[in-house]
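Please read the structure below before turning to the comments.
No value in this document is a laboratory result; all are computed from the given coordinates. None of these values were measured; they are calculated from a predicted model. Here the Cβ is made from the backbone with ideal geometry for all residues, glycine too, and neighbour counts use every protein chain on show.
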Amino acid sequence: MKIALVSLNQIWEDKKENLILCEAYMKEASDKKVDLIIFPEMTLTGFSTNIAETSEEEKNSETIKKFQDLSVFHDIAILFGVVVKDNKKALNKSIFIDNKGIILGKYSKIHPFSFAGEDKYFNAGNQLTVVKFKDIKIGLTICYDLRFPELYSAYAKECDILVNIANWPAKRIDHWNTLLKARAIENQTLVVGVNRTGCDDNGLEYIESSNLYNVNGDLELFENLKDMKIYNINKEFTKKFKNQFNTTNDRKIELYKEII
């Protein structure tokens, strides 16, 4: 399976212009026979807590509908972020749509970023989401979730790939790179991080840092196309590596529960 990671330079709260940017990447990815294209958190708005402006009714979401139409038109699966209404607050979600426009999975961010006040505007999700696409199981997470290893350990029990879509600022980029690598090593699974670039209206800067780490914690080779990286997923390397050196089998799950 071929996947594309897009380090999108998101235009602040401008859904129309960001969608135009996304479609351009979809076309290029489709021309390269990519199966799945992945965009950063809150894809068409950037990380905004202005939920009155950015949130949509999930059942009638224009953003979701447009991505469904584009997935069919370009014959490509899409993983993207969107904000949907949830009572008086909202949910920070990622949506996985296959190349037929069918929603295969929805994930609500379990850990709102309280340091930036996200929890004041967004409710926390309460369940894991695993998507099966082309015989590959993909676990969905968003940004701040990356700091919580227990979440990734739970996913890793059945997933081939763990994906995190984010708006992770440049000033903490060392944490981003370190944690992605750590999640891959400790869980012995492929880990994908898709981060935005540019600058948002909060004055935060972002740098290109979307990557895929293999089970040994190494960066995978990719084809570079502007701000898009294209990878070939190799499940056999993961299988061979774990057959030779499997650390996950030695976990003492019940003991860890007692310690907590």
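Quick notes on this one:
- Qualifying residue in the stretch 9-27 (condition: assigned to a loop (DSSP other than H, G, I, E, B), buried (at least 24 other Cβ atoms within 10 Å of the Cβ) and either in contact (Cβ under 8 Å) with a residue 12 or more places away in the chain or out of contact with any Asp or Glu (no Cβ under 6 Å at 6 or more places or on another chain) (or both)): yes
- Number of the condition not met by N164 [criteria: (1) within 30 Å of A116 (Cβ to Cβ); (2) free of Cβ contacts under 8 Å to residues at least 40 places away in the same chain; (3) assigned to a helix (DSSP H, G or I)]: (3)
- Meets criteria (more than 25 Å from D201 (Cβ to Cβ) and in contact with a Cys (Cβ under 7 Å, 6 or more places away or on another chain)) for K59: no
- Selection count where residues are farther than 28 Å from E28 by Cβ, out of contact with any Asp or Glu (no Cβ under 8 Å at 6 or more places or on another chain) and among the charged types (D, E, K, R), scope the stretch 59-112: 4
- For S30: the one exception among (1) assigned to a loop (DSSP other than H, G, I, E, B); (2) surrounded by fewer than 20 Cβ atoms within 10 Å (Cβ to Cβ): (1)
- Entirely in the stretch 62-151, the strands (runs of 3 or more DSSP E) that have 1 or more residues that are touching a residue at least 12 places away in the same chain (Cβ under 8 Å), polar (S, T, N, Q) and surrounded by 16 or more Cβ atoms within 10 Å (Cβ to Cβ): 89-97, 103-108, 136-142
- Count of the stretch 30-55 residues which are of a type in the set (D, E, K, R) and under 19 Å from L140 (Cβ atoms): 2
- Enumeration of residues in the stretch 182-208 that are outside any loop (DSSP other than H, G, I, E, B), crowded, with 16+ Cβ neighbours inside 10 Å and more than 15 Å from the chain's Cα centre (by Cα): A182, I185, E186, N187, G198, C199, Y206
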